[in-house]
1. To the nearest µm²/s, what D does Stokes-Einstein give for the chain at 4 °C and 1.567 mPa s, using the Kirkwood radius over alpha carbon pairs as Rh?
2. How high is the relative contact order of segment 1-59? Use alpha-carbon pairs under 8 Å, at least six apart in sequence, and give a whole percent.
3. For a 22 Å ceiling on Cα separation, which of these pairs sit above it: Lys13/Lys38; Lys28/Lys57; Lys28/Lys48?
4. Which part of segment 1-33 falls in the paramagnetic zone of Leu46, meaning amide N under 13 Å from the point 7 Å along Cα-to-beta-carbon?
5. How large, in percent, is the carbon and sulfur part of the accessible surface of the chain at a probe radius of 1.4 Å?
6. Taking only protein heavy atoms and a 1.4 Å probe, what accessible area per residue, in Å², does the chain have with all protein chains in place?
7. So between Ser34 and Ala7, what do we pick up on full extension, going 0.36 nm a residue minus the alpha carbon distance?
Amino acid sequence: MQAISAATGNGAKALGIDQDVGTLQKGKFADIISVKGKPDQNIYDLEKINFVMVGGKNYTGLSFR
């Protein structure tokens, strides 16, 4: 979980943009991924992508391999 936080909320804070991005909160901008599994317990579950949402548009069926 620390690795995931470091790549999102901590990264936004380090860049000074955490008021707008970095965590899923009302009023913030977010591009998200949905994955199968529990990436906080198994980091490789981040490879099991259900969908990606960028700028409010949902992308499904993407292949990243």
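The values are calculated or read from the model by the stated rules, or taken from the named source; none is laboratory data. In this text, all values refer to a predicted model and were calculated from it rather than measured experimentally. Cβ coordinates were reconstructed from backbone atoms using ideal geometry, including for glycine residues, and neighbour counts include every protein chain displayed. The area values use the complete protein model at the heavy-atom level, side chains included, leaving out ligands, DNA and RNA. Shrake-Rupley method; radii C 1.70, N 1.55, O 1.52, S 1.80 Å.
1. D, rounded to a whole number, is 101 µm²/s.
2. 24 percent
3. Long pairs (Cα-Cα over 22 Å): Lys13/Lys38; Lys28/Lys48.
4. From segment 1-33, the list is 1-11, 33.
5. Result for the chain: 55 percent of the exposed heavy-atom area is carbon or sulfur.
6. Accessible surface, normalised per residue, equals 82 Å².
7. Working: separation 27, 0.36 × 27 = 9.72 nm, distance 1.58 nm.
Full extension from Ser34 to Ala7 adds 8.1 nm.
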